[in-house]
Amino acid sequence: QTLCQPKSGWAEIFTQEVKWSDAILSTAVEHLSYLPAGLESRAFPVDADSVEQLFAELKRRFEYVVLDGGVASQASRAGWLAKSDRIFLAVEQRRTTPSQAREATRRIASAGGKVHGSILVEVMSAK
């Protein structure tokens, strides 16, 4: 499976369209699973109890939980940022400017999240 393809994830879990266990994707790497941001591009209300319950379930099942939080401007409105142990900002090579990265970091911090670093990604265009 290609991880870059849009798939059900966070958005559909919190809008109750899919169970979290059905949204987890396996990868080619042994012992590595992936939970995508989801198909929804709009912000949606997230109840703090639901976030805590989901994080508790994920932490029981997995040693480490790495989530795709989607676009920072939308993720900063979600209640789960403050519940995250660590946040790494994905910065798209040749597209994200330093000022955009600083603004995303500021938004995450204002929502209670703690950015511990960034990951430089290169998005391959479909040919």
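The values are calculated or read from the model by the stated rules, or taken from the named source; none is laboratory data. Nothing here was measured: the structure is a model prediction, and the numbers come from that model. For neighbour counting, all protein chains shown are included, and Cβ atoms are generated from backbone atoms with ideal geometry for every residue, glycine included. Note: areas computed on protein heavy atoms with side chains; ligands, DNA, RNA excluded. Shrake-Rupley method; radii C 1.70, N 1.55, O 1.52, S 1.80 Å.
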Q) Is it the case that V18 is modelled with pLDDT of 85 or more, among the hydrophobic types (A, V, I, L, M, F, W, C), buried (at least 16 other Cβ atoms within 10 Å of the Cβ) and part of a loop (DSSP other than H, G, I, E, B)? A) yes
Q | Exclusive hit being part of a strand (DSSP E or B), open to solvent by less than 100 Å² (accessible area, probe 1.4 Å) and modelled with pLDDT of 85 or more, set L89, L58 | A | L89
Q: Considering (1) over 21 Å from K114 (Cβ atoms); (2) at pLDDT below 85, say which one R94 fails and leave the rest.
A: (2)
Q) Of the residues in region 97-121, how many are over 23 Å from A82 (Cα atoms) and at pLDDT below 85? A) 1
